[in-house]
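Encoded as structure tokens, the structure appears first; notes follow it.
The values are calculated or read from the model by the stated rules, or taken from the named source; none is laboratory data. If you're wondering where the values come from, they're calculated on a predicted model, not measured in any experiment. So basically every Cβ, Gly included, is an ideal-geometry build from the backbone, and we count neighbours across all protein chains shown. Remember, those area values only see protein heavy atoms, side chains included, never the ligands or the DNA or RNA. Shrake-Rupley method; radii C 1.70, N 1.55, O 1.52, S 1.80 Å.
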Amino acid sequence: MSSSASDDLRSEQAYLTTLYDRLDGLRAQADDRLRRIVLESGGTPQGRTQREAQRAHYTEQLAQMNAVENGLCFGRLDFADGAPLYIGRLGLSAEQHDRDPLLIDWRAPASRPFYLATAVSPDGVTRRRHLRTKGRVLTGIDDEVLDLTAGAAAGGREDVTGEAALLAALTANRTGRMRDIVETIQSEQDEVIRAGLSGVMVVQGGPGTGKTAVALHRAAYLLYTYRQQLTKQGVLILGPNPTFLRYISQVLPSLAETGVLLATLGDMFPGVRARAVEPSAAAAVKGRLAMLDVLAAAVADRQTVPHDFAEVDHDGYPLRIERSVLEDARAAARRSGRPHNVARAMFVTEAIHALSLQIAERIGTDPLGGDNLLSEADLAETRRELREDVDVQRALFEFWPVLTPRQVLRDLLCDADRLESAAAGLTAAERALLLRDRDAGWTPADVPLLDELAELLGVDDTLRAREAARQRREAVDYAEGVLEILAGSRSLDFEDQEEEILSALDVVEAGAFVERHEVLDTRTAAERAAADRTWVFGHVIVDEAQELSPMAWRLLMRRCPSRSMTVVGDVAQTSELAGTTTWEQVFEPYVGQRWNLVELTVNYRTPAEVMAVAADVLAAVDPALEPPRSVRSAGVAPWALRVPPVALPAEVIAAVRVEAAEAGEGRVGVLVPEAREADLGRALLGAVPGAAVGEQPDLLNQVVLMTVRQAKGLEFDSVIVVEPDEIIAESPRGLSDLYVAVTRATRRLGVLHTADLPKVLHSLA
């Protein structure tokens with residue numbers, strides 16, 4: 001190493017030490033303030049609220065500073081005039097109000113040249129420096145001289161910036177967790193990340209273009225730029241499955257953001273964790289908008305009337321409830337347009353009014369043929385008695401019950417008669433797909449149906465409000481008793497003194513006493529949003545968005561009425577039968593033409609050798625689609641091996657051992673047809689210690705066997721695709737599944753097959 005390079009390393013290490021010293025100082029201050037707040041207690045409700053807000057603020061600060069411990073500073077910009085700027089994960093200044101920052105947050109406008117400056121358009125930058133660190137130690141420097149007069153810019157690529165740092169990141173071993181790309185964001189990615197908050201942005205990109213990473217960094221950027229708004233409303237990131245969420249879970253914390261809600265579709269109905277698996281054809285039926293009529297009919301079917309009449313005992317006398325009375329009450333409730341549970345109050349009111357007139361006619365008629373002898377007050381009392389009569393209420397409840405979404409959907413899907421009545425518009429085969437056992441678990445496709453039913457049913461808050469009021473009255477009564485005891489416990493030494501002695505009742509009123517001891521809601525916006533079905537998010541990000549059904553989009557649009565959304569996906573990779581193949585089909589019903597499409601065209605993950613194989617599969621999916629351009633080659637040709645059917649498990653194990661050795665500390669993914677997952681999984685687990693298999697495997701294991709759909713959004717150093725012809729045959733969108741399978745590799749791709757290779761993989765033959 002030259003003396004100049006050594007001097008640079010020493011100088012940069014010294015500056016890095018200064019940054020960490022400042023970070024440690026800020027961390028100690030926040031920790032001290034947090035401990036003081038925790039030790040405080042009591043005070044007014046306002047004071048307690050302010051203290052809780054401060055506690056949340058310093059807790060978040062500490063979490064952010066702890067999260068950026070690794071890779072705090074990763075870059076430096078030198079300008080033709082002016083001091084250099086250091087770029088990092090968090091903004092730092094020497095003092096609280098110092099205008100000269102020690103470190104610029106990567107999301108700040110001043111940091112943009114680090115991602116956009118080129119030799120052709122340097123934006124005043126003469127040199128961009130990438131700092132490689134391990135912990136707090138500087139391990140290396142990569143410089144890009146952007147001053148054309150220096151003659152050092154030749155030989156670089158026009159479509160990437162920071163080529164050395166980028167290639168180092170791309171060729172590094174996978175770890176089972178997604179890394180952030182904050183050090184290597186490219187210009188087309190930066191445009192998406194820093195776009196404004198409003199409107200729907202659709203990011204279409206092929207495999208390896210960094211769609212997921214861009215979406216996550218966009219979340220971090222929006223939270224930085226629109227902090228006040230989004231901290232209150234929250235940001236939702238919806239992923240395809242729990243394995244995917246674990247895979248990306250470390251990215252936002254590493255970018256100093258810890259308050260985002262990560263969820264799958266199966267998590268979007270509070271109280272339901274939908275993880276059960278069902279046939280794709282059944283999920284496709286549930287995802288169609290035709291289910292709106294089915295659900296509405298299912299609710300209407302629960303609003304019944306007797307065949308002739310119903311008879312109940314009221315006040316010792318039989319009371320006959322005629323069918324016509326309940327039909328009129330039902331019609332009035334339905335005309336109100338209110339949700340079922342809310343409209344029930346009108347149904348009961350109408351029915352009781354008719355019954356009170358029936359009673360009045362029976363007991364209040366003048367025997368001489370005159371007018372009814374009961375006054376309006378008498379009728380009101382009769383209605384009150386009917387309302388309080390348990391038998392009457394039980395009878396009316398039978399005809400218009402209070403319903404829950406889970407109750408209605410379970411009854412619908414588990415009862416052939418109910419299903420036939422409500423789903424008359426579906427075919428017999430479609431109804432057969434929906435029918436299931438009562439003890440079956442909830443599936444992700446059920447969640448939009450539950451959400452739709454929640455809208456149709458509504459919530460009658462009358463009883464809840466009455467109960468809350470009752471509990472508060474009891475609390476106030478109890479507080480008054482406590483204060484009276486305190487007031488009566490004055491020392492006898494003061495009995496004869498004339499001076500006024502303040503009692504507890506003089507200092508605090510019972511209602512205020514109760515307020516002081518009410519439990520504050522200390523949950524974050526993300527935690528509150530996860531528990532509230534009606535929560536409205538400030539921004540929604542959807543990954544693998546092409547897989548969502550029309551019913552799922554209805555759910556998401558209810559969560560985001562502002563239509564501030566970032567939607568990332570690739571229509572060529574659509575696997576779900578209820579998914580989409582055109583973005584227009586998704587968004588025109590909600591925003592018309594008012595959505596923006598951005599395309600990512602550069603493939604950073606998949607090497608050119610693998611992408612050449614994938615291009616043939618893509619052409620079979622849709623000849624009009626263009627594969628993304630790979631920025632690198634791996635130097636290893638993909639391979640295919642035909643084996644006897646009886647030898648397939650042994651050959652899979654042998655191939656895994658070879659690929660694991662080649663990957664070193666990297667990861668190997670074995671992608672199999674759904675029908676072979678169980679058998680090949682058992683064989684692999686028995687032969688390869690530490691391998692992971694199943695619906696939610698641990699991606700930290702070196703070897704993972706899974707189906708293609710489970711691998712959506714993931715990546716491995718080496719990928720072995722088993723029986724590609726079966727993968728194609730398993731679904732009407734099997735070619736899309738195969739396209740996904742062959743594009744998961746960052747280095748090596750192999751194919752094992754017992755039958756002839758599919759024509760789309762002819763280049764491997």
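Tally the residues that are farther than 15 Å from TYR115 by Cβ, touching a strand residue (DSSP E or B) at 6+ places or on another chain (Cβ under 9 Å) and of a type outside the set (D, E, K, R), restricting the search to the range 132-146. Qualifying residue count, the range 132-146: 6. Suppose the filter is touching a residue at least 40 places away in the same chain (Cβ under 8 Å) and open to solvent by 40 Å² or more (accessible area, probe 1.4 Å); does THR59 pass it? In short, no. Comparison of ARG127, ARG107, ARG112, ARG136 shows that the only residue that is open to solvent by 40 Å² or more (accessible area, probe 1.4 Å), in contact with a helix residue (DSSP H, G or I) (Cβ under 6 Å, 6 or more places away or on another chain) and either within 30 Å of VAL160 (Cα to Cα) or at pLDDT 90 or above (or both) is ARG136. Looking only at the range 663-674, residues that are among the aliphatic types (A, V, I, L, M) and modelled with pLDDT under 95 come to 1 in all. Taking the range 478-497 on its own, how many of its residues are hydrophobic (A, V, I, L, M, F, W, C) and either at pLDDT 65 or above or not in a helix (DSSP H, G or I) (or both)? The qualifying residues number 3. Taking the range 390-412 as the range and being within 24 Å of LEU433 (Cβ to Cβ) and loosely packed, with under 15 Cβ neighbours inside 10 Å as the test, only GLN407 passes.
Collect the residues in the range 169-205 that are open to solvent by less than 10 Å² (accessible area, probe 1.4 Å) and among the acidic types (Asp, Glu), keeping them in residue-number order. The answer is ASP190, and nothing else. The set of residues in the range 211-253 being among the hydroxyl-bearing types (Ser, Thr, Tyr), farther than 22 Å from THR746 by Cβ and assigned to a loop (DSSP other than H, G, I, E, B) consists of TYR226 alone. Screening the range 550-661 for helices (runs of 4 or more DSSP H) wholly inside it with 3 or more residues that are surrounded by fewer than 20 Cβ atoms within 10 Å (Cβ to Cβ) and small (Gly, Ala, Ser) returns the ranges 608-621. Within the range 32-57, if we keep just the residues that are among the charged types (D, E, K, R) and within 19 Å of THR524 (Cα to Cα), the residue that is modelled with the lowest pLDDT turns out to be ARG48. Within the option set GLY271, GLY208, being surrounded by fewer than 19 Cβ atoms within 10 Å (Cβ to Cβ) and either on the phi > 0 side of the Ramachandran plot or assigned to a strand (DSSP E or B) (or both) holds for one residue only, GLY271.
Are any of the residues in the range 744-752 touching a residue at least 12 places away in the same chain (Cβ under 8 Å), under 27 Å from LEU216 (Cβ atoms), basic (Lys, Arg) and open to solvent by less than 30 Å² (accessible area, probe 1.4 Å)? Yes: the range 744-752 contains one or more residues that are touching a residue at least 12 places away in the same chain (Cβ under 8 Å), under 27 Å from LEU216 (Cβ atoms), basic (Lys, Arg) and open to solvent by less than 30 Å² (accessible area, probe 1.4 Å).
Restricting attention to the range 685-697, the residues being in contact with a strand residue (DSSP E or B) (Cβ under 8 Å, 6 or more places away or on another chain), over 20 Å from VAL740 (Cα atoms) and open to solvent by 40 Å² or more (accessible area, probe 1.4 Å) number 2. Looking across the range 242-268, just one residue is at pLDDT 95 or above and either at positive phi or among the polar types (S, T, N, Q) (or both), and that is THR264. Under the condition of being part of a helix (DSSP H, G or I) and open to solvent by 40 Å² or more (accessible area, probe 1.4 Å), the residues counted in the range 665-684 number 6.
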